[in-house]
Amino acid sequence: MSSRARNLTFKLVLLGDGRVGKTSLVLRYVNNVFSEKQETTVQASYLTKRLVIGGVPITLSIWDTAGQERFHALGPIYYRDADGMYLINTTALLVYDITDSDTFLRVRKWVKELQQMASKDIVMVIAANKSDLIRSKKYDIQEAESYATTIGAKLFLTSAKFGTGINDVFLDIAARLLQKKKSSFQGLSPALPRKGIIVVDDEPEREPPPKCCS
Amino acid sequence: MKSTTAEVDPGSYLLSRTVDGFGFAKQEQSNSTETLSKNRPVDDHPNDREQKTIRKWRKMIGVGGSDWKHYVRRKPHVVKRRIRKGIPDCLRGLVWQLISGSRDLLLMNPGVYEQLVIYETSASELEIIRDISRTFPSHVFYQQRHGLGQRSLYNVLKAYSVYDRDVGYVQGMGFLAGLLLLYMSEEDAFWLLVALLKGAIHAPMEGLYQQAGLPLVQEYLSQFEQLVKEYLPMLGEHFIQEMVNPSMYASQWFITVFSYSFPFPLALRIWDVFLYEGVKVVFQVGLALLRFCHDDLIKLPFEKLLHALKNFPAEAMNPDKLLPLAFSIKVSKRLEEFKREYEKRKERPLPHSLPLLSSSGIPIHNLAGLE
């Protein structure tokens, strides 16, 4: 682990089926915008957001990804070396569309893969998106909530369109990562890299500390 | 599946006539449309020079394309030069079909498209539907839910996903098909897609979309990285320092051949050349973009660098500035070498053409040795 820095950077990746609203969630959170005309994502994109939790300045570096599985070989979810592809041990924001139960199955699939390949204490959060269409929901949110509990994740009902629940999701992620970082500093649960798994360490940023927290 | 875009009012854009010369809703950044205005398609009132150009092109093509092959055989350099200057917009659809070899495929396969659209079902239907309204969402042709544009787009993509079930539907294909459909009929667009992906004239590009991680994209990206190191060594070093690799900015260039998020006037000019000369122009344009912004890019840290690589200045988006720069970067020889190295590594030759393309059907008129 790196030495204590004034600004912590945490990396997270958005995962989920096509058209569940990954890009819209991030754009709402980072730029506070929403477009009905959001194009299909065909290339992973990178955005950052700065915030302060309990006086600690944090930078979230967020990777938005394309929904289709075959794009993932291009990064940033997997790391490729001579022996094959490895899932990068990273915080995951799993997104599904509450009006489309298939997209929740995809979340379960991701969770399985993350649990198998990444470390046990990986931080996962689920966003049940498109809550603005709650009347047309075909999927029981309670079932999703209890599923989230079983995997130690929290579930948030979000609407990128109305901007509801978005801050809570990212705040929860940041708070949990901060907690994890603190406890590992105290040596309570040192996160040991497992064999064959790439651990992306949260490096302190080289940039000067930001002026503003939002 | 029930679509979730019920809130979109399809009529508003059509009524307000706030579209540019290509049918895209006008953006707020009025300054960029200004710089691009001289690259508008030759529409209602072409000037004398444009008239002259069109006449030249018509002569070159002949009635319904009858003289084309003959002309290309006789004067390939003239054709290449004229295409690099831009195909007149009113002839673009026809010329694209001629230079891509798709016209021959269409004639060789009567009724096939109809069969694919009407009688076959595809495992990708749901995935296609999910993306339909997210393909060129600001273009008038594709705005209306279940309108002609969206239905055509769906049909072409579905037909392709049936035609090549191994590849199926892949995100990004919609931008190719969507671009083509603005210039030709469904059936013509379908065969042009086939010509590109299965390799009617140039090496097949289906690997851009194949399972197992889009293998051709990975190959192109590693070649592009190599070219950046060789042609722009300082920037290449900077990318390494900042841990920026081409998959973070250039994969969409290859996957959609610049039809995704690039200004339409530029995308069309790139496509003119791409269909005639092949994928090398994607490398050339990519390198030209980096060279154009070289002095700025070299100073930027990771985050700003990635942002800049997706938001090029309007000046760089001017085809008459960017393309001459692109053509001045010679990459054919290096790409040939990369290909040989790659094939040696794989110890098997790349599949080169589809059985469907009999050797008699398609003239190979513009492969190597034109430069």
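The values are calculated or read from the model by the stated rules, or taken from the named source; none is laboratory data. Because the structure is a prediction, the values reported are computed rather than measured. Neighbour counts are summed over all protein chains in view; Cβ atoms, including those assigned to glycine, are modelled from backbone coordinates with ideal geometry. All accessible areas refer to the heavy atoms of the entire protein, side chains included, with ligands and DNA or RNA removed. Shrake-Rupley method; radii C 1.70, N 1.55, O 1.52, S 1.80 Å.
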When region A:140-162 is checked residue by residue, the ones that are open to solvent by 50 Å² or more (accessible area, probe 1.4 Å), of a type in the set (S, T, N, Q) and touching a Ser or Thr at 6+ places or on another chain (Cβ under 8 Å) are none
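Identify the residue in region B:224-246 that is open to solvent by 20 Å² or more (accessible area, probe 1.4 Å) and farther than 14 Å from B:ARG291 by Cβ and, among all such residues, is nearest to the chain's Cα centre (by Cα).
Filtering region B:224-246 for residues open to solvent by 20 Å² or more (accessible area, probe 1.4 Å) gives B:225-226, B:229-231, B:233-234, B:237-238, B:240-243, B:245.
With farther than 14 Å from B:ARG291 by Cβ added as a condition, the list becomes B:225-226, B:237, B:240-243, B:245.
On the way: B:GLU225: 21, B:GLN226: 23, B:GLU237: 29, B:ILE240: 29, B:GLN241: 31, B:GLU242: 30, B:MET243: 28, B:ASN245: 22 Å.
Among those that are open to solvent by 20 Å² or more (accessible area, probe 1.4 Å) and farther than 14 Å from B:ARG291 by Cβ, it is B:GLU225.
Picking from A:VAL107, A:VAL42, which residue would you name as being hydrophobic (A, V, I, L, M, F, W, C) and either under 16 Å from the mean Cα position of the chain (by Cα) or open to solvent by 50 Å² or more (accessible area, probe 1.4 Å) (or both)? Explain how you work it out, then say what you get.
On the way: A:VAL42 fails: either under 16 Å from the mean Cα position of the chain (by Cα) or open to solvent by 50 Å² or more (accessible area, probe 1.4 Å) (or both).
Step by step, each of A:VAL107, A:VAL42 is checked, and only A:VAL107 is hydrophobic (A, V, I, L, M, F, W, C) and either under 16 Å from the mean Cα position of the chain (by Cα) or open to solvent by 50 Å² or more (accessible area, probe 1.4 Å) (or both).
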For A:GLY55, the lone unmet condition from (1) within 11 Å of another protein chain (Cβ to nearest Cβ); (2) within 30 Å of A:LYS182 (Cβ to Cβ); (3) open to solvent by 20 Å² or more (accessible area, probe 1.4 Å) is (1)
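Taking the conditions exactly as written (aromatic (Phe, Trp, Tyr) and at pLDDT below 95), does B:TYR119 satisfy them or not? Give the steps one after another, and end with the answer.
Values: aromatic (Phe, Trp, Tyr): yes; at pLDDT below 95: yes.
Considered against the rule, which asks whether it is aromatic (Phe, Trp, Tyr) and at pLDDT below 95, B:TYR119 comes out as yes.
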Sole miss for A:ALA82 among (1) within 14 Å of chain B (Cβ to nearest Cβ); (2) touching a residue at least 24 places away in the same chain (Cβ under 8 Å); (3) over 18 Å from the mean Cα position of the chain (by Cα) is condition (2)
Within region A:73-96, residues modelled with pLDDT of 95 or more and either open to solvent by 10 Å² or more (accessible area, probe 1.4 Å) or under 21 Å from A:ASN31 (Cβ atoms) (or both) come out as A:LEU93, A:VAL95
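Among the listed residues B:PRO137, B:PRO215, which satisfies the condition of being out of contact with any Asp or Glu (no Cβ under 8 Å at 6 or more places or on another chain) and free of Cβ contacts under 8 Å to residues at least 24 places away in the same chain?
Numbers: B:PRO137 fails: out of contact with any Asp or Glu (no Cβ under 8 Å at 6 or more places or on another chain).
Answer to the selection: B:PRO215.
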Sole miss for A:ARG70 among (1) surrounded by fewer than 17 Cβ atoms within 10 Å (Cβ to Cβ); (2) out of contact with any helix residue (DSSP H, G or I) (no Cβ under 8 Å at 6 or more places or on another chain) is condition (1)
Given the conditions (1) more than 16 Å from the chain's Cα centre (by Cα); (2) within 14 Å of chain B (Cβ to nearest Cβ); (3) at pLDDT below 85, every one holds for A:ASP201 apart from (1)
Within region B:34-83, of all residues that are surrounded by fewer than 16 Cβ atoms within 10 Å (Cβ to Cβ), closer than 21 Å to B:ASP320 by Cα and basic (Lys, Arg), the one modelled with the lowest pLDDT is B:LYS38
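Would you be able to tell me the number of residues in region A:118-139 that are in a helix (DSSP H, G or I) and open to solvent by 50 Å² or more (accessible area, probe 1.4 Å)?
3
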Of the conditions (1) charged (D, E, K, R); (2) buried (at least 21 other Cβ atoms within 10 Å of the Cβ); (3) within 14 Å of chain B (Cβ to nearest Cβ), the single one that A:GLU36 does not satisfy is (2)
Among the residues of region B:185-203, the number that are surrounded by 19 or more Cβ atoms within 10 Å (Cβ to Cβ), outside any helix (DSSP H, G or I) and of a type outside the set (Val, Ile, Thr) is 3
Is it true that some residue in region A:141-155 is hydrophobic (A, V, I, L, M, F, W, C), touching a Lys or Arg at 6+ places or on another chain (Cβ under 8 Å) and modelled with pLDDT under 85? no
Pairs returned, first residue in region B:158-180 that is farther than 18 Å from A:ARG70 by Cα and within 9 Å of another protein chain (Cβ to nearest Cβ), second residue that is basic (Lys, Arg) and surrounded by 24 or more Cβ atoms within 10 Å (Cβ to Cβ), beta-carbon separation under 6 angstrom, 6 or more apart or interchain, are none
Cβ pairs under 9 Å, 6+ apart or interchain, first in region A:1-12 and more than 15 Å from A:THR91 (Cα to Cα), second in a strand (DSSP E or B) and at pLDDT 50 or above, ordered by first then second residue, are A:ARG6/A:VAL56; A:ARG6/A:PRO57; A:ASN7/A:ARG50; A:ASN7/A:VAL56; A:ASN7/A:PRO57; A:ASN7/A:ILE58; A:ASN7/A:THR59
